1. Could you tell me how many of the residues in segment 191-222 are of a type in the set (G, A, S), within 17 Å of V15 (Cβ to Cβ) and in contact with a helix residue (DSSP H, G or I) (Cβ under 8 Å, 6 or more places away or on another chain)?
2. Considering segment 66-81 alone, what residues qualify as being in a helix (DSSP H, G or I), touching a Phe, Trp or Tyr at 6+ places or on another chain (Cβ under 9 Å) and among the β-branched types (V, I, T)?
3. Can you confirm whether segment 186-202 contains a residue that is farther than 12 Å from G78 by Cα, polar (S, T, N, Q) and in contact with a Pro (Cβ under 9 Å, 6 or more places away or on another chain)?
4. Which residue out of A128, A87, A135 is assigned to a helix (DSSP H, G or I), crowded, with 18+ Cβ neighbours inside 10 Å and either modelled with pLDDT under 95 or aliphatic (A, V, I, L, M) (or both)?
5. Condition first: of a type in the set (V, I, T) and without any contact (Cβ under 8 Å) to a residue 60 or more places away in the chain. Can you find one or more residues in segment 82-95 that meet it?
6. Restricting attention to segment 1-35, which residues are surrounded by fewer than 19 Cβ atoms within 10 Å (Cβ to Cβ) and either acidic (D, E) or touching a strand residue (DSSP E or B) at 6+ places or on another chain (Cβ under 9 Å) (or both)?
7. Hey, can you tell me all the residues within segment 80-99 that are among the hydroxyl-bearing types (S, T, Y) and under 11 Å from the mean Cα position of the chain (by Cα)?
8. Collect the residues in segment 138-153 that are outside any helix (DSSP H, G or I), surrounded by fewer than 19 Cβ atoms within 10 Å (Cβ to Cβ) and more than 22 Å from the chain's Cα centre (by Cα), keeping them in residue-number order.
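The values are calculated or read from the model by the stated rules, or taken from the named source; none is laboratory data. In this text, all values refer to a predicted model and were calculated from it rather than measured experimentally. Note that each Cβ is placed from the backbone with ideal geometry, even for glycine, and that neighbours are counted across all protein chains shown.
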Amino acid sequence: MTDQAKGLLITLIGVLFVVPDALFVRLIDASALTIAYWRLTLVGAVITLGLLVLQGTAPFRAVAGTGINGLIYMFGVGSSGILFIVAISLTSIANVVFIIASLPVFASVYSRIFLSEPISTRMFLTIAAVVPGLAVIAYGSGETHGASLAGDILALGVSAFFAAGLTAARRARSVSMVPAVGVGYLLAGLVILPWAAPLSVPVPHIPLVGMHAAVIIVSSVLLALGPRYITSAEVGLLILLESVLAPLLAWFVVGENPGPYALLGGGIVIGALFLSNLVVLRRRA
C-alpha cells in the first residue's frame, strides 16, 4: 500500500468515527454543559495520560516552548469543544455541521492577517460562495423547527476559535500540538465544571458517554496520523463527508429533519468547499 493510499484510508476511518459525535449529544439525557464536561474530560485525560506513558513529559515541554502559540491552540480546541456541544443543544445538527464546514474560510482570513499569506483568487471565490450559503442557513433557522440563530452563531464561533488554534499551530509547525489537545480539553472541562452536573447522567446513558468519548479519541488519533501522508486538499475533501453524513445519520436515527433552508445553504457551503479543494488537487496533478 502506498503512503497516499494509507493516508486516505486512515483519514477516511477517522472521519467516519467522528460522524456520530453530534448524534450522541442528542441521545444522552443530560444538559449540554454536562455532556461537554464528560466529553472534554474523558478525551483530554486519555490523550494526556497516553502521551505521558508513551513519551513522558517531552511533548508537553515542547508545546510549552511555543509560548503564545501553544496557549492560543489550547484555547481554540477547548473553547470550540464547549461551543460545539452547546450549539447542538440550541439548533439542528445539520446547521451546526454545515456552518462548521466554513472553518477553512476563517483559517484563510487568519493566515492573511497573522501570517501575511495572500488570499488566493480561488479562496476569494470560495468565500464569496460560502457566505451566502451561511446566510441561507441563518435565515432558515427562523423558519425550521428545532433550529435557532443563537445556536448558529455558536457554531460559527466553533469555526472561528478552532481556525485560530490551527493558525497558531502553523506558526509552530515544528512541534506536535497533540499534547495541547489533551491539556486544552482538560482545562476547558475544569472551566465549565461549576455549571455542569457530572453525576446527573442517568445510569442507562453512562455507556453512551463512554462510547461518545471513545469515538472522539479514535477519530482524534486517526485524523492526527492520516494527514501526514496526504495533502491538505485531500484531507479537506474527506472531512466534508462528516458534514454530509452527520445530518443524514441524525435524520435516520432520531428523525431530525434538516429542513429545506439548511439543505440549500449547506449544499452551497459544501459544494463551494468541494470545488475549491478539487481545483487544488487538479493543479497538483
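1. The first filter runs over segment 191-222 and keeps only residues of a type in the set (G, A, S), leaving 196-197, 200, 210, 213-214, 219-220.
Cutting the leftovers down to within 17 Å of V15 (Cβ to Cβ) gives us 214, 219-220.
Still in the list and also in contact with a helix residue (DSSP H, G or I) (Cβ under 8 Å, 6 or more places away or on another chain): 219-220.
Counting residues in segment 191-222 that are of a type in the set (G, A, S), within 17 Å of V15 (Cβ to Cβ) and in contact with a helix residue (DSSP H, G or I) (Cβ under 8 Å, 6 or more places away or on another chain) gives 2.
2. Correct list: V77 only.
3. no
4. A87
5. Of the residues in segment 82-95, the ones of a type in the set (V, I, T) are 82, 85-86, 88, 91, 93.
Right, trim to without any contact (Cβ under 8 Å) to a residue 60 or more places away in the chain and you get none.
Within segment 82-95, not a single residue is of a type in the set (V, I, T) and without any contact (Cβ under 8 Å) to a residue 60 or more places away in the chain.
6. D3, D29
7. S80
8. Passing the criteria: G142, E143, H145.
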